[in-house]
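What follows is a single structure, written as structure tokens, with notes after it.
The values are calculated or read from the model by the stated rules, or taken from the named source; none is laboratory data. Note that this is a predicted model, so its numbers are computed, not measured. Methodologically, a virtual Cβ is constructed for each residue, glycine included, from the backbone with ideal geometry; neighbour enumeration extends over all protein chains shown.
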Amino acid sequence: MAWDIDKKIYKKIKKYKNIVIARHIGPDPDAIASQIALRDSIRLTFPQKKVLAVGAGVSKFKKFGLLDKSDFSDMKDALLIITDVPTMERVDGIEDLQYKEIIKIDHHPCDQKVATIELVDESASSTCQIITEMLFKTNLMMDQQVAGNLFLGIVSDSDRFLISYTSVKTFQIITKLLERSKIDFVNLYEKLYERPINEIKFHGYLAQNLQFQESGLAYIKISPEVLKEFGVDTATPSNMINDFNYIKDVLVWTFITYDEKNEQYKVNIRSRGPIINEIASRYHGGGHKFASGARTSEKEDIENLLKDLDQACQEYKKVNE
Ligand SMILES: [Mn+2]
């Protein structure tokens, strides 16, 4: 079935002269790499088309390639492709775009249909994994730049193959990708993992100040003052939360960062047992079963969320001990 969808998407790409590729706000490497790799692949395959990858730029992700400005003046009747994002509300940079059709390529769980064609595989480690497969199955072309970005998206979203969405298929796709592209993948890791010293120090702060509960819940509330002290921003905790996996006796861990600019709390949650996306959805959030997030402006929500997570840990322990 997925094979047909890949072909359908290819046909649409072939048909449209103007194509815009967008992803979620507050992008991670999978989001950025998926949109840039797809854009570059379409440009390689169809040099005459106008293809833009849009959304707010993030300086540390410049290594994946540059994004395009959301200038849609001669982008009438465009095909919009959204990657790594389940719903339209979270799509970045398409406010002024008049699109004719939407294609969605994603791996987040989602009940609603938002696009004409949806290539959604919840079991995929990453959106880049889905796009790599699509490139193999269609005539969409791949050079070393495209291959490198796809590789990094898969590595990043699977957290170097640590996360449970990593499957035999992931490794098969990676093998094929490396065989065909012959990219020097070891030298690419720097693009993902090089960090400034202040981030290392902030990492130390998180480790020192994480609060551990009897239930197996660990949490930390991060204030704007602390972010300023370490010279990091509200996106930094999100990028570090996976580093706190495999702490003995910790089942669920969460970072609660107050985002002063938007006057709301930004919550990242990870689990290695209890299902957390249902809890996150009670607080304007959602995501994967074991990797979720939420945003709320209510302080009370945070206390209730922590209570819910604490209870989920207790219940999980009861069943699994
Ligand atoms: Mn992703």
Next on the checklist: For segment 93-100, check the following and say yes or no: at least one residue is under 30 Å from E278 (Cβ atoms), in contact (Cβ under 8 Å) with a residue 60 or more places away in the chain and not in a loop (DSSP other than H, G, I, E, B).
Outcome noted: no
Next on the checklist: Restricting to segment 263-305, name every residue that is crowded, with 21+ Cβ neighbours inside 10 Å, part of a loop (DSSP other than H, G, I, E, B) and β-branched (V, I, T).
Outcome noted: I276
Next on the checklist: Restricting to segment 69-92, count the residues that are assigned to a loop (DSSP other than H, G, I, E, B), away from the ligand (no atom under 16 Å from the Cβ) and touching an Asp or Glu at 6+ places or on another chain (Cβ under 7 Å).
Outcome noted: 2
Checklist outcome for this item: Within segment 105-115, the count of residues that are touching a residue at least 60 places away in the same chain (Cβ under 8 Å) and either surrounded by 24 or more Cβ atoms within 10 Å (Cβ to Cβ) or more than 11 Å from the ligand (Cβ to nearest atom) (or both) comes to 2
Checklist entry - Residues in segment 193-208: is at least one under 20 Å from N268 (Cα atoms), modelled with pLDDT under 95 and of a type in the set (V, I, T)? => result no
Item to check | Positions within segment 226-262 being touching a Pro at 6+ places or on another chain (Cβ under 6 Å) and loosely packed, with under 15 Cβ neighbours inside 10 Å, in sequence order | outcome: E260
Item to check | Verdict on V54 being under 29 Å from N277 (Cβ atoms), in contact with a helix residue (DSSP H, G or I) (Cβ under 9 Å, 6 or more places away or on another chain), surrounded by fewer than 22 Cβ atoms within 10 Å (Cβ to Cβ) and of a type in the set (A, V, I, L, M) | outcome: no
Item to check | Filtered residues of segment 116-147 (kept if within 16 Å of the ligand (Cβ to nearest atom) and in a loop (DSSP other than H, G, I, E, B)) | outcome: D121, E122, S123, A124, S125, S126
